[in-house]
Amino acid sequence: MMIWLRGNHGRELSYADIAAVVGIKDGARLRRAVKVARVVAANRGDRLERFQPSADPARRDSARRRVWTTRYMREGHGDEFSARDAMSAARAAMTSIKDMHRATTYEAANPHSIARTEFATMAQAADECITKVAGLDTVGEQAVRRENTSLLTQMIADLEARLTEVVIGLDLSDDDAITPKATMEVIEPVAALLQELSEQDRQALADLINQFAHQEIDPERQLTAWEAPETLGLLFEPR
């Protein structure tokens, strides 16, 4: 597998593409093999990207869903798409660190905590990490946004998560339960309202949905969550 992956560096490869070459059926065994290949690639100084929706919007499966792909990137062969992978990893990591900061700060202030001092040290380390990463201007606002931690911001994030849940539920429901026409009658008014927002606000909402998608562990639900910004009309094609 490694020889073939290195020979196809820079190409988008789906699980089906890999399965057809290595002779392992697309399933749990193949996914374990890909995880091992990712570790081996890192030890060589290369990178096997995490699976994300294809950079080509036209690449879709039989159900018209965007195909998830990975790419093997040799050292020194990064490009704008590998930057997308790095930005995705940065956003996911920052979400986890912020959750760590919230929890450890609470325990550090909890008089009944079993280890207030240790949790205080963890909270300080998380805070320093957030501050340092957020201050790296070269990373760009696309990778790590300076977020307002106010109650209003949290409420907006919660609303986006609930809205994404609605999109997932409608998309994955049986046609016998909810017809495609009924689904569009629900989605279209929401999409029309969101399209009145500025480009910056639409991108901010799309980023919140992407953070939600990162935390989803079910592959089918995660794919639907990834496509939610497009479904809701938050992502416009460049003119």
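The values are calculated or read from the model by the stated rules, or taken from the named source; none is laboratory data. What you see is a predicted model; the values in this text were computed from it and never measured. Positions of Cβ are backbone-derived with ideal geometry, glycine not excepted, and every protein chain shown enters the neighbour counts. Surface areas here come from the heavy atoms of the whole protein model, side chains and all, with no ligands, DNA or RNA. Shrake-Rupley method; radii C 1.70, N 1.55, O 1.52, S 1.80 Å.
What would the Debye equation give as log₁₀ I(q)/I(0) for region 26-92 at q = 0.24, 0.27 Å⁻¹, counting only Cα atoms as equal point scatterers?
Log-scaled intensity ratios, in q order: -1.16, -1.23.
State to the nearest 20 debye the size of the charge dipole of region 20-108 about its Cα centre, where the only charges are +1 on K and R beta carbons and -1 on D and E beta carbons.
420 debye
Work from the charge dipole of region 11-137 (Cβ charges, +1 for Lys and Arg, -1 for Asp and Glu, about the Cα centre) and give the residue of 43, 101, 130 farthest towards its positive end.
Going by the charge dipole, the pick is 43.
Just order 223-231, 187-195 by mean Cβ neighbour count inside 10 Å, highest at the front, would you?
Top to bottom by mean Cβ count within 10 Å: 223-231, 187-195.
Ordering 131, 69 by how much accessible area each has at a 1.4 Å probe, largest first, what is the list?
131, 69
Could you compute how much accessible surface residue 100 exposes when probed at 1.4 Å, giving the result in Å² to the nearest 10?
80 Å²
Take residue 83 and residue 184, extend 7 Å from each Cα along the Cα→Cβ direction, and tell me the distance between the two endpoints in nm.
Taking the two extended label points, one gets 3.7 nm.
Of the peptides 202-210, 54-62, how do they stack up when ordered by the mean number of other Cβ atoms within 10 Å, highest first?
Ranked by mean Cβ neighbours within 10 Å, highest first: 202-210, 54-62.
Put a dot 7 Å past each Cα toward the Cβ at residue 103 and residue 129; how far apart are the dots in nm?
Label at residue 129, label at residue 103, 1.2 nm between them.
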